[in-house]
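Enquirer: Structure provided below as structure tokens; questions to follow.
The numbers here are math on the coordinates, done by the rules we state, and not lab data. In this text the structure is predicted, and so the values were computed from the model without any measurement. When we count neighbours, we look across all protein chains shown, and the Cβ atoms used for this are built from the backbone with ideal geometry, even at glycine.
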Ligand SMILES: [Mn+2]
């Protein structure tokens, strides 16, 4: 098993360099930040001094900022596999000493001969799906566990990373993620249980959670009184007492089960026949929670915790989530709450702007809208595109692309409802990658959510039409 072999090899290299200069780069999203927390704690446990840095992306420009000559070992986590060519090219031109490089990643590896000084630890090497079965933090966790099988206290971060990377897309974590989850559950760090897939389980009233469900468009869309009626009818029919103002986490398992199946019945009336069989996967799914966090806070449910991290990291603040994950409950804890509230305000303001001022343009296979410069920040435009499915004019059976003008080009984001991505063979990452390359830009991501930068609009939409 190549994954295991590379893990062992990587640990050997780490031990050999334990007294040398070590530099660790991690990505900046939830998965990247949890990767960092795992590696920091690992180095502490092993009594190894290492320097840590965040890296937004590894590209032709940023590679030049990496001080390859000053270190004996450089570790890349949650990035690097796709850029092995770039690293190779860079090292070829270095005349001084060449460092060892360990890559702990789950993105697809570039097709290239890998030189001996680079160890690429990646699930794809074993045909394990790095999009669904393990994330970057998961690979870091396996690395830590290879150092010492007793380091299972780090498993919880790997699960947060997996949820941050939406690896539970189909309702629950699978594959290696499930194995890692077992470690975290056994230690009492995480609880996992069957639940409904509404957002805001601990922080929103139930009627709001139902309101924001956008994988299926029903008559409940933007209609509080219909949602209240829907819940009251369920209460009468089943002799229950579900309170619309309480949160999903207040419901018993039985109440959730009945609410879920009634909701499924309703959704059935609104989806094409061939889509119906995918409905359970978007309505029912496991919840993952930090057992030590207070209920009804944004830190209990891992999905909501990940939103808290995004509320900081998307705005360039990586320190706050890092400190909170490291256990801060004072300064950074309240800073995170402040940032979360700002983030929410930003999102609703941006959504209102789309509703009021932006035209949704329909093509045969998708829809798109353009955002004027300065109206929505580039790093949240993808989230806003996803939320736009709550707007009546947006066709929920088609993907949506958002183009936001920046100072030096455009940020493009694509989203589609989960149900659509299950039922139809849609690969937005492939489409956005193709079209952005045609424009001299670059992009990628998931099949259902991705982004790109392009220097100019030109025929970008036409190129997209060839691929979506
Ligand atoms: Mn990742």
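Enquirer: Using Cα pairs closer than 8 Å and at least 6 residues apart in sequence, work out the relative contact order for region 301-357, in percent.
Expert: Details: 29 pairs, mean separation 19.6, N = 57.
Rounded, it is 34 percent for region 301-357.
Enquirer: Full extension from residue 179 to residue 128: what is 0.36 nm times the residue separation minus their Cα-Cα distance, to one decimal in nm?
Expert: Values: separation 51, 0.36 × 51 = 18.36 nm, distance 1.34 nm.
Extra length available between residue 179 and residue 128 comes to 17.0 nm.
Enquirer: If you don't mind, another one. What area, in nm² and to one decimal, does the C-alpha convex hull of region 196-297 cast on average over all directions? Show your work: numbers first, answer last.
Expert: Numbers: hull surface 25.6 nm².
Its Cα hull, projected and averaged over all orientations, spans 6.4 nm².
Enquirer: Counting each DSSP H run of 4 or more residues in the chain as -39500 (n - 2.57), what helix-only mean residue ellipticity at 222 nm follows after dividing by all residues, to the nearest 500 deg cm²/dmol?
Expert: The helix-only estimate for the chain comes to -12500 deg cm²/dmol at 222 nm.
Enquirer: Once fully extended, how much extra length lies between residue 392 and residue 85, figured as 0.36 nm per residue of separation less the alpha-carbon to alpha-carbon distance? The partial results should precede the final answer.
Expert: Working: separation 307, 0.36 × 307 = 110.52 nm, distance 4.54 nm.
The span from residue 392 to residue 85 would gain 106.0 nm if fully extended.
Enquirer: How far is helix 224-238 tilted off the main Cα axis of the chain, in degrees rounded to 10, range 0 to 90?
Expert: Helix 224-238 and the main axis of the chain meet at about 80 degrees.
Enquirer: When each pair of different Cα atoms in region 359-467 is counted once in the 1/r mean, what is the Kirkwood radius in angstroms, to one decimal? Provide the component values of the computation, followed by the final result.
Expert: Values: mean 1/r = 0.0741 Å⁻¹.
About 13.5 Å, per the Kirkwood formula over Cα pairs.
Enquirer: Using the beta-carbon distance between residue 406 and residue 110 and R0 = 35 Å, what value does 1/(1 + (r/R0)^6) give for FRET efficiency, to the nearest 0.05? Each step should come with its number before you reach the end.
Expert: Details: r = 27 Å, r/R0 = 0.77.
Step by step, r from the Cβ atoms, then E = 0.80.
Enquirer: Nearest 0.05, what FRET efficiency do residue 295 and residue 44 give at R0 = 30 Å with Cβ-Cβ as r?
Expert: Values: r = 30 Å, r/R0 = 1.00.
That gives a FRET efficiency of 0.50.
Enquirer: Hey, rough spin-label estimate for residue 437 and residue 362, points 7 angstrom out along Cα→Cβ, what's it come to in nanometres?
Expert: 3.2
Enquirer: Moving on. Using the alpha carbon gyration tensor of region 301-357, what are the three equivalent-ellipsoid semi-axes (square root of 5 times each eigenvalue), largest first, in whole Å? It would help to have the intermediate numbers written out before the result.
Expert: Numbers: eigenvalues 123, 21, 16 Å².
Largest first, region 301-357 gives 25, 10, 9 Å.
Enquirer: Taking every alpha carbon pair in the chain, what does the distance histogram look like in 20 angstrom bins from 0, in percent?
Expert: Values per bin, smallest distances first: 23, 56, 20, 1.
Enquirer: Using Cβ contacts closer than 10 Å as the measure, can you line up 274, 214 from fewest to most? All intermediate terms of the calculation are to be shown ahead of the outcome.
Expert: On the way: 274 9, 214 20.
Ordered from fewest to most neighbouring Cβ atoms within 10 Å, 274, 214 come out as 274, 214.
Enquirer: Order by neighbour count: 303, 319, fewest other Cβ atoms within 10 Å first, most last. Before the final figure, lay out the partial values.
Expert: Values: 303 20, 319 13.
So the ranking, lowest neighbour count to highest, is 319, 303.
Enquirer: Still on this model: Taking a spot 7 Å from the Cα of residue 330 along the direction of its beta carbon, which residues of region 24-62 have an amide N less than 18 Å from it?
Expert: Inside the label zone: nothing.
Enquirer: Next question, about the same structure. Along Cα→Cβ, 7 Å out, is where each label goes; now give me the distance between the ones at residue 274 and residue 97 in nm to one decimal.
Expert: Result: 6.1 nm between the two label points.
Enquirer: Could you give the length gained by full extension between residue 18 and residue 240, i.e. 0.36 nm per residue of separation minus their alpha carbon distance, to one decimal place?
Expert: On the way: separation 222, 0.36 × 222 = 79.92 nm, distance 6.08 nm.
Result for the pair: 73.8 nm of gain on full extension.
Enquirer: What FRET efficiency comes out for the pair residue 62/residue 225, r = Cβ-Cβ distance, R0 = 51 Å, nearest 0.05? It would help to have the intermediate numbers written out before the result.
Expert: Numbers: r = 52 Å, r/R0 = 1.01.
The formula returns an efficiency of 0.50 here.
Enquirer: Give me the mean projected area, in nm² to one decimal, of the convex hull enclosing the Cα positions of region 119-176. Present the calculation step by step, with values, prior to reporting the outcome.
Expert: Working: hull surface 15.9 nm².
Mean projected area of the Cα convex hull: 4.0 nm².
Enquirer: Based only on other Cβ atoms within 10 Å, what is the fewest-to-most ordering of 216, 243, 468, 358?
Expert: Values: 216 26, 243 15, 468 22, 358 18.
Fewest-to-most ranking of 216, 243, 468, 358: 243, 358, 468, 216.
Enquirer: Another question, then. Sort out for me the Cα centre separation of region 240-316 from region 45-83, rounded to whole Å.
Expert: If you average the Cα positions of each part, the centres end up 37 Å apart.
Enquirer: Using Cα atoms only, what is the angle between the long axis of helix 331-357 and the major principal axis of the chain, expressed in degrees (0 to 90) to the nearest 10?
Expert: Relative to the chain, helix 331-357 is tipped by roughly 50 degrees.
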